[in-house]
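Accompanying notes for the structure given below.
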Amino acid sequence: MLEAMKSTIKRVRPLYRAMNRLRGFRLNEPTLRRRLSIIGSDYGAWGVDLGLLDPNSIVYSIGVGEDITFDIGLIEAVGCDVHAFDPTPIAVDWIAKQSLPEKFHFHPVGLSSLDEESEFQVPPQMGWHSFSLSADPGAEQTGSMRCPVRRLSSLMNQFGHDHLDLIKMDIEVCECAALDDMFATAVRPRMILVEFHHGSYGIRAEKTRGAVSRLMKYEYGIFWVSDVGREYGFLDLHAMRN
């Protein structure tokens, strides 16, 4: 009965959004009106402005786990190459078993604010696939392992890219540091999709509010917020004016 009620609430999207505002998950609303496409599975969907992409666009999808429906959907919709990144063994093993289009390029490395090997926490439950750089204080820890991570500027230099049209970050609590490092190196993707993690891993809403405030200071506008409220889409207002 409870699961059926939850499913019904999710289908009534204004009610679901209002509920997540009350829960403290949905902190912001879009500030821009754009033609929006939702690409990916129910679990892995992201909002995208497809009008800003074309077959020559450079796209980085960072953190893929076991769901690349967004990546494949973007390739099918736009015809661009997608560079996907994930250093965790669950993702690497799963990707190796998939039949992938030639425009999907997988790299077993993660994103951070340093070029190093970082200590990742193993998912606390069997069947979960989200490794994290921070332990969840509410979950029993099951171990850790070291995985390679790189700064965004280092990855772009490695692959010979002088700009990004779209970057998606689903990187389990490292997003704020990676965003700050991105701006410190003057990298300005035209479109940024990012999952924040307030309400998880002991992270408070103030940290997400601070990151969103910095993005807006750098002249990015919010064009999409997921119904839950943790996933955001930002557009570079400066590039749109030029």
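Where residues in the range 188-207 are β-branched (Val, Ile, Thr) and at pLDDT 95 or above, which of them is farthest from Tyr60 (Cα to Cα)?
Residues of the range 188-207 β-branched (Val, Ile, Thr): 192, 194, 203.
Going one step further and asking which of them are at pLDDT 95 or above, we end up with 192, 194.
Values: Ile192: 10, Val194: 12 Å.
That would be Val194.
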Matching residues in the range 153-169 - criterion: being surrounded by fewer than 22 Cβ atoms within 10 Å (Cβ to Cβ) and under 21 Å from Phe223 (Cα atoms): His163, Leu164, Asp165
Val212 open to solvent by less than 30 Å² (accessible area, probe 1.4 Å), out of contact with any helix residue (DSSP H, G or I) (no Cβ under 7 Å at 6 or more places or on another chain), of a type in the set (Val, Ile, Thr) and modelled with pLDDT of 95 or more: yes
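Take the residues of the range 101-122 that are free of Cβ contacts under 8 Å to residues at least 24 places away in the same chain and in contact with a Phe, Trp or Tyr (Cβ under 9 Å, 6 or more places away or on another chain): which is surrounded by the fewest Cβ atoms within 10 Å (Cβ to Cβ)? Show your work before the answer.
Filtering the range 101-122 down to residues free of Cβ contacts under 8 Å to residues at least 24 places away in the same chain leaves 102, 121-122.
Filter once more, keeping what is in contact with a Phe, Trp or Tyr (Cβ under 9 Å, 6 or more places away or on another chain): 121-122.
Values: Gln121: 21, Val122: 16.
Top of the filtered list is Val122.
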Selected residue (criterion: nearest to Ser57 (Cα to Cα)) from residues of the range 208-242 that are in contact (Cβ under 8 Å) with a residue 24 or more places away in the chain and assigned to a loop (DSSP other than H, G, I, E, B): Tyr218
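Is it true that Gly79 is on the phi > 0 side of the Ramachandran plot and crowded, with 16+ Cβ neighbours inside 10 Å? Working first, answer last.
Details: on the phi > 0 side of the Ramachandran plot: yes; crowded, with 16+ Cβ neighbours inside 10 Å: no.
No.
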Whichever residue in the range 196-205 is surrounded by 18 or more Cβ atoms within 10 Å (Cβ to Cβ) and without any contact (Cβ under 8 Å) to a residue 40 or more places away in the chain and, among such residues, is farthest from the chain's Cα centre (by Cα): His197
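The values are calculated or read from the model by the stated rules, or taken from the named source; none is laboratory data. All of these numbers come straight from a predicted model, not from anything done at the bench. Don't worry about glycine lacking a Cβ; one is built from the backbone with ideal geometry, like all the others, and counts go over all protein chains shown. In case anyone asks, the SASA skips ligands and DNA or RNA and just uses the protein heavy atoms, side chains included. Shrake-Rupley method; radii C 1.70, N 1.55, O 1.52, S 1.80 Å.
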